[in-house]
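Since the structure comes first, as structure tokens, the remarks are kept for the end.
Just so it is clear, none of the values below were taken in a lab; they were calculated from the coordinates. As the structure is a computational prediction, the values presented were derived from the model and not from experiment. Virtual Cβ from ideal backbone geometry, glycine too; neighbours counted across all protein chains shown.
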Amino acid sequence: MCGRYTLSRPKSVLRELLGRTSDTEYHPRFNVAPGQLVPVIVRDHTLTSQVREMQWGFRSHLARKVQSASGTINARVETVSEKPLFRDSFRSRRCIVPADGFYEWQSTASGRQPYFVQLDNHAAFGFAGLWSQSLNQTGKLIYTFTILTTRANTLLSTLHRRMPVILNDKDRQAWFNAEVQAGRSNAFDKPYPSSRMTMTPVSKVVNKAHNDSNDCLQTVTIREGFRLFAL
């Protein structure tokens, strides 16, 4: 799954994914958590990629009000084309969530140990996502999104059965391609290759969502015998 991620180099990441410099400047994020507002890339009516700030936690556009919970942060790529909650967004409201890393956890004798996952050479990437719009509790229109997940690759499977759908450059073009908008989602269910990813144990500072500094990325050494089992 994906419950926290980073956008520590927003200017360069957005430039890589947009093909141009973003009109808005964003602060580095080291611990993006559900319920928070973050930049997301969408296509407008002219098929031009644009950045829109959205809240992480999908809410159906059919709902009259947003409930107090944080919404749906992840959706299975294998079923989004069929699930009533997501199928409209799969057809016409796809998005790309800019990132340069994400976290996953493992249960150990000393508690939940976070790991920071990134691509080779610290490359920028985008998660496959879906977005919607609905009313919040005050009647204001808000935009929300979810990150799609697929089965974990060999590297991530030591921690969890699921991982986010990571789009390379070719996949990002296809994700927005009108010809595949109505297609089935299994075209994007292949896990990102383990050989092109790294995973490093980091400080438990990241376990608290209000911590959002580069201290979250401080590497730590895991003592032998403290790894118990994968989640």
Task: ³J(HN,Hα) computed for each position of region 5-18 - Karplus, 6.51 cos²θ - 1.76 cosθ + 1.60, integer Hz, glycine/proline x - done: 8, 10, 9, 6, 10, x, 5, 6, 5, 5, 5, 5, 7, 8
TODO: Return the loop-located GluC sites (Glu not before Pro) in region 74-133 (DSSP other than H, G, I, E, B) with at most 11 other Cβ atoms within 10 Å of their own Cβ; answer none if there are none.
DONE: GLU82
TODO: Could you tally the net charge around PRO84, taking each other residue with its Cβ under 15 Å from the Cβ of PRO84, Lys/Arg +1 and Asp/Glu -1?
DONE: +4
Task: Furthest towards positive pole of dipole, VAL206, TYR143, VAL13, structure part the chain, Cβ charges - done: TYR143
Task: Theoretical ellipticity at 222 nm over the chain - DSSP helices of four or more residues, -39500 (n - 2.57) apiece, nearest 500 - done: -2500 deg cm²/dmol
Task: Within-13-Å neighbourhood charge of GLU104 [Cβ basis; K, R +1; D, E -1] - done: +4
Task: Summed residue charge, Cβ within 15 Å of ASP120's Cβ, Lys/Arg positive, Asp/Glu negative - done: -2
Open item on the list: Over the Cα atoms of the chain, what radius of gyration and what Dmax do you get, in Å?
Closed with: 17.3, 56
